[in-house]
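*Asks:* My structure is below; once you've seen it, I'll send some questions.
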Amino acid sequence: MISYKRLIYLFCVFGFWTATCFAVVETSDDVEPIAMPGKELPYLKVVQMVQGDVMRRQYADALPSLLQEVRTKTTLNVDPFPIYIESFEDEVIFKHPVIYVNFADRQDWSLSAKEISNLKAFIERGGFLFVDAGINASFLRGNQSAQSHSFADWSVTPDLAEAFKNVFPDKRFEPLQRSDPFFKSFYAGLPDASVLQEAIREFITNEKWPQGTFSTMVLRHDDRVAVMAMPIVAMGWGKSEFGQWTTRIGFRVREGAEGLSERLSEAAYAGESYEATREDGREDIIYCETPGMPAWVSEPDGDWRVFRYYHSQEISDYAHTFYTRLGVNLFVYTFSQ
Amino acid sequence: MKIRIYQCIGLWLFTIMGQLVSSAQVNPELEGGRLSHMDTIERAYEDLKSDSVDTRVGAIILLSKYNDPDAVSGVISGLVDGHVRVRRAALVSMVEKQGVISPQAIEPVLRMIDDEDAEIRRMVSSSLGMFLNLWNNYFSGNAFGGSRKNLPMDIQQKMVSVFLDEDVVVRRNMVSYFFQLNIQMPDYVLERLLTDVDDRVRLESLRLAYRISNIDTVVKMSDTLKVDSYQAIRIMFAHILGSFSGNASREILEEMLEDKDPEVAVEAELALFRQEPTLAEARRLLNYLVSNRFNQEQGESYIETIAYLRTGSLELLQQVLASDNTEYRLAALRRFTQEALLGGNEELLLKLANDSSNRIRSQVINLFRMRREEVSFDLVDGLVLAKYSDVRESSVMLTRSLEKEDAELLLLDFLIDEEAAIRVLALNELKVSEYEDLSKILRLSLKDADFQVQRQAVLLLINLNDPRELEYLITVYNEEPRSRLGSAIKSLMSRKAGVNL
């Protein structure tokens, strides 16, 4: 039998429902707080721009892992969880000094009029924008390889250069000198390379990442770095909840051997050839046998060398350590410049 | 006449020349004056015969860039070259190819595991996971016959010997990949590894010994293991001993109670308890849990053990559930999956259902689902007011196992939940229960603030197949035909009742 007491109660509450339209927001206190000893509530926030579905962003766990590392290793009281925006039209960018964007998280880099004015104002007010994978060697453009090959080109991808011509018509991206304080803002030099195989140690320390530097292009405003672009570095930041790296990274090493230069200069290749800019502005010509996978290179001094791909746990761990140190340098630099 | 003949010859020559030029343009392999693939590989093969090491290295590197079978064969031949640099170059090339190595190439690579060059041994041992996976993929047998092929005996023997390699990185790699090798480890090798100079090798070897249940060797090595300089090894040793009963292990554990490191001593104490759990000892050790003398792993091991006590486990687990450690609460809760619903302690159940950890809440919900027949009216009545919507949503279905009248009373309560999804669920359940005043409730729900609830009410009213309800819906539609509700009524009436408004 029906309980009329309950029914009356029900009718009363129904009245309340029909009279009031409200939304209840579930608080997120079921998320376990991360242990961060000795720090107050985070007050430094990083804004991340993702066009479209945030859940499908590139290297989803990368930035939170890096910011957690910054929080742990430095005095910066940074929040590990970024604030997501969909475009530079969002005025939340004026509340926080740093924006991170992975180039591939925005499909179309033609900026709207409001984005142009917002970005200009953001930079003029001291803001800093980091474009990860904003350097994309030509053989990587337009495919997913750009997210897994950190190729040291020394020019920003044309779409990005074009976009910033609209923001600052009289400014251009320029290489960041390897002697710039940026590369020493927290970590200086390379991690201990003794764990690496002899065959690659020399290349890493002398050519690939000398003194812990990296191919970096910057756009300056009032003599300060306002926009920075690098080949993809986020692939080296992500950690699982168990503290393990979530990606596996190999090394691409340039190698030569006696007589090899001559052989390569006449060797057949089934793929395409591309140009890549070196730090001094001269051009390398890259040849591919398999599309998107550089096989060898013709260097401006007349040498030809092969790209060799090395994989091991030690290499992967080393690369992660380096990219994370570079990332820590990035945020220490931007929050303290 | 002569002129005509010269003209013809000239024309013929011009035509031939034209054909020669055009045939050179269409040959894609000669583009840019380069060699063809075949010629490039042939030249590299010539270089492989050179006395110059550099030239052979260059040839291997060049061949590694091509996937043609001939090129791959050339690279494989470099794996057994007399010079270390050529072998290294060939090995790097094989590792570089990752998942596209042919089955024929795997054996020569694995045979390099005892190469005289330490760097080669490091490379092979660090890539063992990849090569063994490929081996198993190629030779794992299939449903139509065939059987799994073991590694050739000579490779197995090489693998065993390399566990005692002079290079520590090689030894670490070998211990890590032991289970993929599918080989037997002789006792003398295990004993040597358990006394290795490297902490990581000793630790991994002890773990390995435990996994292959070689407790005899572990006990035999007790004199060194119980005083090992590395704390983690002493803790693991005590833990392993706790998993095996026997006087020998008990005596060792009693000695370890005196360890200078409190964490090791506590592990020994816990291991003795795990060997022979008693209620009195469990009560005493509960204080260790409460006062954080156990580390996380020890605490969870303790909770696991008390669940096996014949009597008193419920009382102890209930105390653990009051802990402020989420992992402990979760571990204790998992113990109840085979037990009754916490002895009917509804107050505790409701507290857990309102736990701030969503892992605890989902565990409680699973427990309710599995023990649905034991869920009481009072418990669900409490869940109606649960703090988190995931719990309330799951609780709607729990009413199915209650008496009809009790279930309906609770469903009416769910019907006033702040979450629209829960109100929709409650409406559905009232329909399933054939609630007497369902039509009244549905008519009221047409005025709900949420459109999803309104739409579900329309659907259920149509499904009642009562002409009076259809009439009522038409009336509601006519009041506001252009409203969202009006559109829903029009659409659903057309699709479900064949009435076009």
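*Asks:* When residue A:112 is evaluated against the numbered criteria (1) more than 23 Å from residue A:182 (Cβ to Cβ); (2) within 14 Å of the chain's Cα centre (by Cα), which criterion, by number, is the only one it fails?
*Replies:* So residue A:112 meets the others, but not (2).
*Asks:* Scan the range A:313-322 and give yes if some residue there is within 10 Å of chain B (Cβ to nearest Cβ), at pLDDT 90 or above and either out of contact with any Pro (no Cβ under 8 Å at 6 or more places or on another chain) or part of a helix (DSSP H, G or I) (or both), otherwise no.
*Replies:* yes
*Asks:* Residue by residue through the range B:83-120, note down the ones that are of a type in the set (Val, Ile, Thr), facing chain A (nearest Cβ under 9 Å) and in contact with a Lys or Arg (Cβ under 8 Å, 6 or more places away or on another chain).
*Replies:* Answer for the range B:83-120, where residues must be of a type in the set (Val, Ile, Thr), facing chain A (nearest Cβ under 9 Å) and in contact with a Lys or Arg (Cβ under 8 Å, 6 or more places away or on another chain): just B:92.
*Asks:* Determine whether residue B:458 is at pLDDT 90 or above, more than 11 Å from chain A (Cβ to nearest Cβ) and surrounded by fewer than 22 Cβ atoms within 10 Å (Cβ to Cβ).
*Replies:* So residue B:458 fails the test.
*Asks:* Let me ask something else. Mind checking which residues of the range B:73-125 are more than 21 Å from residue B:59 (Cα to Cα) and of a type in the set (Ser, Thr, Tyr)?
*Replies:* Selection gives B:125 alone.
*Asks:* For the range A:169-219, how many residues meet the condition of being more than 25 Å from residue A:73 (Cβ to Cβ) and not small (Gly, Ala, Ser)? Let's see the steps before the verdict.
*Replies:* Step one: filter the range A:169-219 for residues more than 25 Å from residue A:73 (Cβ to Cβ), giving A:169-175, A:177, A:197-203, A:206-207, A:217, A:219.
Imposing the further condition that a residue be not small (Gly, Ala, Ser) reduces the set to A:169-175, A:177, A:197-198, A:200-203, A:206-207, A:217, A:219.
Of the residues in the range A:169-219, 18 are more than 25 Å from residue A:73 (Cβ to Cβ) and not small (Gly, Ala, Ser).
*Asks:* Identify the residue in the range A:229-262 that is of a type in the set (A, V, I, L, M) and within 14 Å of chain B (Cβ to nearest Cβ) and, among all such residues, is farthest from residue A:299 (Cα to Cα).
*Replies:* We begin by selecting, within the range A:229-262, every residue of a type in the set (A, V, I, L, M); these are A:229-230, A:232-235, A:249, A:253, A:257, A:260.
Still in the list and also within 14 Å of chain B (Cβ to nearest Cβ): A:249, A:253, A:257, A:260.
On the way: A:249: 25, A:253: 14, A:257: 15, A:260: 13 Å.
Of everything passing the filter in the range A:229-262, A:249 is farthest from residue A:299 (Cα to Cα).
*Asks:* Would a scan of the range A:80-91 turn up a residue that is over 15 Å from the mean Cα position of the chain (by Cα), surrounded by fewer than 21 Cβ atoms within 10 Å (Cβ to Cβ) and touching a residue at least 60 places away in the same chain (Cβ under 8 Å)?
*Replies:* Among the residues of the range A:80-91, not one is over 15 Å from the mean Cα position of the chain (by Cα), surrounded by fewer than 21 Cβ atoms within 10 Å (Cβ to Cβ) and touching a residue at least 60 places away in the same chain (Cβ under 8 Å), which makes the answer no.
*Asks:* Ok, one more. Out of the range B:373-399, which residues are within 17 Å of residue B:425 (Cβ to Cβ), surrounded by fewer than 15 Cβ atoms within 10 Å (Cβ to Cβ) and at pLDDT below 90?
*Replies:* none
*Asks:* Go through the range B:150-209 and count every residue that is acidic (Asp, Glu) and closer than 19 Å to residue B:131 by Cα. Working first, answer last.
*Replies:* As a first pass, look at the range B:150-209 and keep what is acidic (Asp, Glu): B:154, B:165-167, B:187, B:191, B:196, B:198-199, B:204.
Still in the running and closer than 19 Å to residue B:131 by Cα: B:154.
Here the count works out to 1.
*Asks:* Let me ask another. Considering every residue within the range B:328-349, establish whether at least one is hydrophobic (A, V, I, L, M, F, W, C), out of contact with any Gly (no Cβ under 6 Å at 6 or more places or on another chain), over 15 Å from residue B:303 (Cα atoms) and not in a helix (DSSP H, G or I).
*Replies:* Yes, there is a match, as at least one residue in the range B:328-349 is hydrophobic (A, V, I, L, M, F, W, C), out of contact with any Gly (no Cβ under 6 Å at 6 or more places or on another chain), over 15 Å from residue B:303 (Cα atoms) and not in a helix (DSSP H, G or I).
*Asks:* Name the residues in the range A:263-274 that are farther than 25 Å from residue A:199 by Cα and within 14 Å of another protein chain (Cβ to nearest Cβ), would you?
*Replies:* Of the range A:263-274, the ones farther than 25 Å from residue A:199 by Cα are A:266, A:268-274.
Result: A:266, A:268, A:269, A:270, A:271, A:272, A:273.
*Asks:* Now, a different point. List the number of the failed condition for residue B:325; all other conditions in (1) under 30 Å from residue B:409 (Cα atoms); (2) surrounded by 15 or more Cβ atoms within 10 Å (Cβ to Cβ) hold.
*Replies:* Failing condition for residue B:325: (1).
*Asks:* Kindly indicate whether any position in the range A:275-292 is within 26 Å of residue B:123 (Cα to Cα), within 14 Å of another protein chain (Cβ to nearest Cβ) and aliphatic (A, V, I, L, M).
*Replies:* The answer is no, given that none of the residues of the range A:275-292 is within 26 Å of residue B:123 (Cα to Cα), within 14 Å of another protein chain (Cβ to nearest Cβ) and aliphatic (A, V, I, L, M).
*Asks:* Working only within the range B:72-98, note down all residues that are surrounded by 16 or more Cβ atoms within 10 Å (Cβ to Cβ), part of a helix (DSSP H, G or I) and of a type in the set (A, V, I, L, M, F, W, C).
*Replies:* Within the range B:72-98, B:72, B:75, B:76, B:86, B:89, B:90, B:91, B:92, B:94, B:95 qualify.
*Asks:* One residue is enough: does the range B:469-485 have a residue meeting the conditions closer than 30 Å to residue B:378 by Cα and hydroxyl-bearing (Ser, Thr, Tyr)?
*Replies:* Going through the range B:469-485, the residues closer than 30 Å to residue B:378 by Cα turn out to be none.
No, every residue in the range B:469-485 fails to be closer than 30 Å to residue B:378 by Cα and hydroxyl-bearing (Ser, Thr, Tyr).
*Asks:* Can you give me the ranges of the helices (runs of 4 or more DSSP H) entirely in the range B:225-312 with at least 1 residues that are closer than 20 Å to residue B:333 by Cα and not acidic (Asp, Glu)? Let's see the steps before the verdict.
*Replies:* Details: elements: B:231-242, B:247-256, B:262-275, B:279-290, B:296-306.
Where helices (runs of 4 or more DSSP H) fall fully within the range B:225-312 and carry at least 1 residues being closer than 20 Å to residue B:333 by Cα and not acidic (Asp, Glu), they are B:262-275, B:279-290, B:296-306.
*Asks:* Right, next: Would you point out the residue of the range B:99-155, among those that are outside any helix (DSSP H, G or I), of a type in the set (A, V, I, L, M, F, W, C) and closer than 16 Å to residue B:181 by Cα, that is modelled with the highest pLDDT?
*Replies:* Start the filter on the range B:99-155 by keeping residues that are outside any helix (DSSP H, G or I), which leaves B:101-102, B:115-117, B:127, B:139-152.
Add one more test, that the residue is of a type in the set (A, V, I, L, M, F, W, C), and what stays is B:101, B:139, B:143-144, B:151.
Subsequent filtering for residues that are closer than 16 Å to residue B:181 by Cα retains B:139, B:151.
Values: B:139: 80, B:151: 86.
Of everything passing the filter in the range B:99-155, B:151 is modelled with the highest pLDDT.
*Asks:* Under 8 Å by Cβ, and 6 or more places apart or on different chains, what pairs join a residue from the range B:39-58 that is without any contact (Cβ under 8 Å) to a residue 60 or more places away in the chain and more than 10 Å from chain A (Cβ to nearest Cβ) with one that is part of a helix (DSSP H, G or I) and surrounded by fewer than 23 Cβ atoms within 10 Å (Cβ to Cβ)?
*Replies:* Here the result reads B:45/B:70; B:48/B:77, each pair linking the range B:39-58 to a residue that is part of a helix (DSSP H, G or I) and surrounded by fewer than 23 Cβ atoms within 10 Å (Cβ to Cβ).
*Asks:* Here is a list: B:365, B:416. Which entry is among the aliphatic types (A, V, I, L, M), in a loop (DSSP other than H, G, I, E, B) and more than 30 Å from residue B:269 (Cα to Cα)?
*Replies:* On the way: B:365 fails: in a loop (DSSP other than H, G, I, E, B).
Of the residues listed, the single one that is among the aliphatic types (A, V, I, L, M), in a loop (DSSP other than H, G, I, E, B) and more than 30 Å from residue B:269 (Cα to Cα) is B:416.
*Asks:* Hey, another quick one. Can you name the number of the only condition in (1) more than 20 Å from residue B:350 (Cβ to Cβ); (2) in a helix (DSSP H, G or I); (3) at the interface with chain A (Cβ under 10 Å from one of its Cβ atoms) that residue B:431 fails?
*Replies:* (3)
*Asks:* Hey, can you tell me all the residues within the range A:293-312 that are more than 14 Å from chain B (Cβ to nearest Cβ) and out of contact with any Asp or Glu (no Cβ under 7 Å at 6 or more places or on another chain)?
*Replies:* Our first condition is that a residue be more than 14 Å from chain B (Cβ to nearest Cβ); within the range A:293-312, this holds for A:299-302.
Within the range A:293-312, A:301, A:302 meet the criteria.
*Asks:* Are any residues in the range A:96-125 surrounded by fewer than 20 Cβ atoms within 10 Å (Cβ to Cβ), touching a residue at least 40 places away in the same chain (Cβ under 8 Å) and over 27 Å from residue A:294 (Cα atoms), and if so, which ones?
*Replies:* Within the range A:96-125, A:96, A:97, A:110, A:116, A:120, A:124 meet the criteria.
*Asks:* Can you confirm whether the range B:17-37 contains a residue that is in a helix (DSSP H, G or I) and at pLDDT 50 or above?
*Replies:* Residues of the range B:17-37 in a helix (DSSP H, G or I): B:17-26, B:28-33, B:37.
From the residues that got through so far, the ones that are at pLDDT 50 or above too are B:37.
Yes, because at least one residue in the range B:17-37 is in a helix (DSSP H, G or I) and at pLDDT 50 or above.
The values are calculated or read from the model by the stated rules, or taken from the named source; none is laboratory data. As the structure is a computational prediction, the values presented were derived from the model and not from experiment. We place every Cβ from the backbone using ideal geometry, glycine too, and count neighbours over all the protein chains shown.
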